[in-house]
Amino acid sequence: MSGSTNKLNRRAMLKASVAAAAAPALIGSAQAQQTVTWKVQAHWPKASGSFNDSLGVLAKELEERTGGRFKLETYGAGEIAKDREIYNVVRRGVVPMGTISPAYILGEAQAMGLFYGVPGTLRESWEMMHLTKNLGIEKMVNEELRPKGVLMMAEKAYPTEVVLKKKVTSAAELGSLKIRSAGTMLDYLAAAGASPQQIAGPEIYQAISTGVVDGAHWGAAIGALSMKFWEVAKYHMKPALGFANDAYIVNIAALDKLPPDLKLQFVSLVEERYFRRSVEYLNQEAVALTTGKTKMDVEVLRFPDDVLKKFADASNQILKKEAAKGDVAQKGTQALNKLMTDLGYA
């Protein structure tokens with residue numbers, strides 16, 4: 001009887017061991033089949049070039065890389081929320097993800113103004129990319145955002161350029177104009193004498209066409225072409241006011257709920273797309289500007305020297321204001337100043 005009992009116990013233990021060994025495989029298999037769909041509220045109107053070329057391509061590639069298991073359901077500006085509201089709906093988990101300009105939420109982190117881009121400092125997209133990723137500006141921002149439940153991931157670095165309805169030949173003429181702007185660019189344009197106005201993306205075309213403003217910036221040439229600004233504002237101004245970042249904003253709780261393989265695919269793809277999209281954007285800028293000049297009678301003009309002098313003075317003041325926001329901002333500003341010194345800009 002004793003021998004029979006031992007055999008039964010050994011068989012029970014063997015079955016239990018086999019079941020335990022199989023459990024991780026079964027759980028892993030179930031997770032591998034899990035599908036996810038995220039709603040994504042963009043700050044770009046659907047007419048904007050970045051809605052399709054940035055967010056649309058991300059959604060397509062993510063679905064392809066995950067075999068259809070991770071899909072993004074995309075919404076244009078204002079469909080669920082717009083501008084700063086996007087930060088709040090993502091933070092509260094109304095939607096798990098959005099796109100946003102750091103200019104809309106400057107008060108949420110000390111280094112947010114640096115993440116957006118300080119006008120009049122850097123002169124190439126790669127410099128902004130280097131500052132953002134290698135010199136730690138994105139990391140500084142996220143150290144303050146994580147306790148609030150959100151994560152920002154740079155989407156692309158791009159130039160910001162103004163289009164105007166009127167030709168400007170002096171600072172005095174610029175001083176008579178109202179220009180749609182955002183973030184630290186508001187201070188930059190104001191210092192040069194203009195009257196900057198903050199207007200939501202979907203409303204800019206109408207604001208220019210009806211004379212509410214005399215010009216605007218929404219990216220640079222791509223923005224002007226895709227948003228049809230050149231139909232009502234034929235003067236495209238150089239040099240760029242500065243180089244900025246667009247960003248994705250993600251609810252951390254939603255991100256952490258993803259199966260590990262989908263989370264890895266998502267984070268890796270967004271990181272990869274930042275570099276690919278930033279370079280692609282420069283190529284599209286050249287094509288867009290050529291289209292404007294050859295087919296739409298767009299005239300490319302340079303800001304007058306007295307305006308550029310005011311811009312330079314304003315840039316120095318904005319940098320000082322950024323550094324004064326706290327220890328984190330000071331550290332980020334030091335990184336930017338060193339980069340400018342290395343590049344021979346300061």
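Quick rundown of the values:
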quantity	calculated
Filtered residues of the stretch 106-146 (kept if under 23 Å from Glu280 (Cβ atoms), in a helix (DSSP H, G or I) and not acidic (Asp, Glu))	Phe115, Tyr116, Ser125, Trp126, Met128, Met129, His130, Leu131, Thr132, Lys133, Asn134, Ile137
Complete set of residues in the stretch 103-119 that are of a type in the set (Gly, Ala, Ser) and in contact with a Pro (Cβ under 6 Å, 6 or more places away or on another chain)	none
Residue match in the stretch 178-200 (condition: over 24 Å from Ala314 (Cβ atoms) and either among the aliphatic types (A, V, I, L, M) or out of contact with any helix residue (DSSP H, G or I) (no Cβ under 6 Å at 6 or more places or on another chain) (or both))	yes
Residues of the stretch 282-291 that turn out to be surrounded by fewer than 13 Cβ atoms within 10 Å (Cβ to Cβ) and under 11 Å from His236 (Cβ atoms), as a count	0
Qualifying position, being among the charged types (D, E, K, R) and closer than 22 Å to Thr99 by Cβ, among Lys133, Lys166	Lys133
Matching entry among Thr74, Thr37, Thr99 (being in contact (Cβ under 8 Å) with a residue 12 or more places away in the chain, surrounded by fewer than 16 Cβ atoms within 10 Å (Cβ to Cβ) and not acidic (Asp, Glu))	Thr37
Test: residue in the stretch 248-269 that is closer than 24 Å to Glu138 by Cα, surrounded by fewer than 24 Cβ atoms within 10 Å (Cβ to Cβ) and among the hydroxyl-bearing types (Ser, Thr, Tyr)	yes
The stretch 292-346 - residue that is touching a His at 6+ places or on another chain (Cβ under 8 Å) and not in a helix (DSSP H, G or I) and, of those, surrounded by the most Cβ atoms within 10 Å (Cβ to Cβ)	Val298
Residue match in the stretch 166-177 (condition: crowded, with 19+ Cβ neighbours inside 10 Å and not in a helix (DSSP H, G or I))	yes
Residue, farthest from the chain's Cα centre (by Cα), within the stretch 161-182, restricted to residues that are within 16 Å of Val300 (Cα to Cα), of a type in the set (A, V, I, L, M, F, W, C) and at pLDDT 95 or above	Leu164
Number of the condition not met by Tyr188 [criteria: (1) modelled with pLDDT of 95 or more; (2) touching a strand residue (DSSP E or B) at 6+ places or on another chain (Cβ under 8 Å)]	(1)
Glu124 vs. criteria of a type in the set (Asp, Glu) and either without any contact (Cβ under 8 Å) to a residue 24 or more places away in the chain or under 25 Å from Val40 (Cα atoms) (or both)	no
Qualifying position, being hydroxyl-bearing (Ser, Thr, Tyr), farther than 30 Å from Glu231 by Cβ, in contact with an Asp or Glu (Cβ under 7 Å, 6 or more places away or on another chain) and crowded, with 16+ Cβ neighbours inside 10 Å, among Thr132, Thr121	Thr132
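Let's see how each residue does on (1) out of contact with any helix residue (DSSP H, G or I) (no Cβ under 8 Å at 6 or more places or on another chain); (2) modelled with pLDDT of 50 or more; (3) farther than 26 Å from Gly223 by Cα:
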residue: Leu8; (1), (2), (3): yes, no, yes
residue: Val18; (1), (2), (3): yes, no, yes
residue: Ala23; (1), (2), (3): yes, no, yes
residue: Ile27; (1), (2), (3): yes, no, yes
residue: Ala30; (1), (2), (3): yes, no, yes
residue: Arg69; (1), (2), (3): no, yes, yes
residue: Gly76; (1), (2), (3): no, yes, no
residue: Glu85; (1), (2), (3): yes, yes, no
residue: Arg92; (1), (2), (3): yes, yes, yes
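The values are calculated or read from the model by the stated rules, or taken from the named source; none is laboratory data. These numbers were taken from a predicted model, which means no experiment stands behind them. Cβ sites come from the backbone with ideal geometry, for glycine too, and all protein chains shown count toward neighbours.
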